[in-house]
Amino acid sequence: MEILTSGGLSALLQVITIDLVLAGDNAIVIGLAAAGLPVD
């Protein structure tokens, strides 16, 4: 599969977008979990 075709670039951008969305979701969940920890 050629990466420099319009289909290849579209697939690459979809993978990058999904990766960023899932990383942001993980950051929110970790932040919510850390907010409930006691401060020592």
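The values are calculated or read from the model by the stated rules, or taken from the named source; none is laboratory data. The structure displayed is predicted, hence computed values, not measured ones. So basically every Cβ, Gly included, is an ideal-geometry build from the backbone, and we count neighbours across all protein chains shown. Heads up: the accessible areas ignore ligands, DNA and RNA and are worked out on the full protein's heavy atoms, side chains in. Shrake-Rupley method; radii C 1.70, N 1.55, O 1.52, S 1.80 Å.
To the nearest 10 degrees, how steeply does helix 6-35 sit against the main Cα axis of the chain, on a 0 to 90 scale?
Tilt relative to the chain: about 0 degrees.
With every protein chain left in place, what is the accessible area of residue 16 in Å² (1.4 Å probe, nearest 10)?
Using a 1.4 Å probe on the heavy atoms, I get roughly 80 Å².
At a probe size of 1.4 Å, how large is the accessible area of residue 15, to the nearest 10 Å²?
About 100 Å², rounded to the nearest 10.
Given the -39500 (n - 2.57) contribution per DSSP H run of 4+ residues, what per-residue ellipticity at 222 nm results for the chain, rounded to the nearest 500 deg cm²/dmol?
Roughly -27000 deg cm²/dmol at 222 nm, from the helical runs in the chain.
Using a basic spin-label model with each label point 7 Å from the Cα along Cα→Cβ, how many nm lie between residue 20 and residue 4?
Taking the simple label geometry, residue 20 and residue 4 are separated by 2.4 nm.
For a quick size check, give me the Cα extents of the chain along its three principal axes, largest first, whole Å.
Taking the Cα atoms of the chain, the three principal extents are 54, 12, 9 Å.
Summarise the accessible area of the chain (1.4 Å probe, protein heavy atoms) by the percent that is carbon and sulfur.
About 72 percent, which is the carbon plus sulfur part of the accessible surface.
Tell me, what is the per residue accessible area of the chain in Å², probe radius 1.4 Å?
90
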